[in-house]
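The values are calculated or read from the model by the stated rules, or taken from the named source; none is laboratory data. Owing to the predicted nature of the structure, the values given are computational and were not obtained by experimental measurement. Virtual Cβ from ideal backbone geometry, glycine too; neighbours counted across all protein chains shown. Heavy atoms of the whole protein, side chains included, go into the accessibility calculation; ligands, DNA and RNA do not. Shrake-Rupley method; radii C 1.70, N 1.55, O 1.52, S 1.80 Å.
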Amino acid sequence: MYHEIQNADFLPLLCELLRFSDSVLDVGSGLGVLLEYYECRLIVALEIHRPYLEHRVYQAPHVIPLNADAKFMDQLFLPNSFTTVTLIDSLEHFTKKEGTRVLQQAEQIAKHRIIIFTPRGFFPQKGVDHYNLKGEVYQKHYSGWEAEELIDLGYHVIVLKGFHNTNNPSFEESYGTGHEPVDALIAWKTLDV
């Protein structure tokens, strides 16, 4: 499935895809800004940069912070450990080879679904930490993903036309003030169909 929409708010789409998820592994959780919208019993917030976990925005007791590298999550979790694995604004922080491997691991760890949110194509974000928590090295983008690539991997894709724009400080730093907005992708793969 491939669909394009003119909608700058991906949160309702994400929440719909998370319906009936009892447990979620959130890969590259950062400050956990979106976790309060995840209606599930258990969330593991996996993040490589410990200061992001220490300064989490959402600190509910059902959210377990885990400081580890997602490239090795198959060593942390058994197959079918979580209902859903999410990669929200994190896949682009891996090289294409690493990202493909992370997706393969996610497919083993998830029982039901993998959800991805990422820019469409390469978004040349430099290593700038807007949170001022010394995470510059983790903010750089190393890969860009196209809808066709994810479809070839078995994902359904919705293109959010013009999602990234000058409202995003990273967009303005990467592209400048006069650049046209850049699309985003929300993609999901259901495993237990």
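Odds and ends about this structure:
- Of note, residue 113 does not satisfy the criterion of being at pLDDT 95 or above and more than 28 Å from residue 12 (Cα to Cα).
- When 140, 161, 189 are checked against the criterion of being open to solvent by 80 Å² or more (accessible area, probe 1.4 Å) and either of a type outside the set (Ser, Thr, Tyr) or closer than 18 Å to residue 12 by Cα (or both), 140 stands alone in meeting it.
- Among the residues of the stretch 5-47, those identified as acidic (Asp, Glu) and not in a loop (DSSP other than H, G, I, E, B) are 16, 26, 36, 47.
- Going through (1) assigned to a loop (DSSP other than H, G, I, E, B); (2) open to solvent by 50 Å² or more (accessible area, probe 1.4 Å); (3) within 29 Å of residue 183 (Cβ to Cβ) one by one, residue 61 falls short only on (3).
- Matching entry among 92, 148, 107 (being modelled with pLDDT of 95 or more, in contact with a Lys or Arg (Cβ under 8 Å, 6 or more places away or on another chain) and of a type in the set (Asp, Glu)): 107
- Of residues in the stretch 75-92 being in a loop (DSSP other than H, G, I, E, B) and among the polar types (S, T, N, Q), the one surrounded by the most Cβ atoms within 10 Å (Cβ to Cβ): 90
Residue-wise test of (1) more than 24 Å from residue 94 (Cβ to Cβ); (2) of a type outside the set (Phe, Trp, Tyr).
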residue: 2; (1), (2): no, no
residue: 10; (1), (2): no, no
residue: 16; (1), (2): yes, yes
residue: 27; (1), (2): no, yes
residue: 40; (1), (2): yes, yes
residue: 65; (1), (2): no, yes
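- None of 25, 35 is among the hydrophobic types (A, V, I, L, M, F, W, C), farther than 24 Å from residue 193 by Cα, at pLDDT 95 or above and open to solvent by less than 10 Å² (accessible area, probe 1.4 Å) except 35.
- Long-range neighbours under 7 Å by Cβ, at least six apart or interchain, first residue over 23 Å from residue 99 (Cα atoms) within the stretch 21-44, second among the small types (Gly, Ala, Ser): 40/21; 40/23; 41/23; 42/23
- Filtered by the rule that a residue be part of a loop (DSSP other than H, G, I, E, B) and open to solvent by 10 Å² or more (accessible area, probe 1.4 Å), the stretch 104-128 gives 122, 124, 125, 126, 127, 128.
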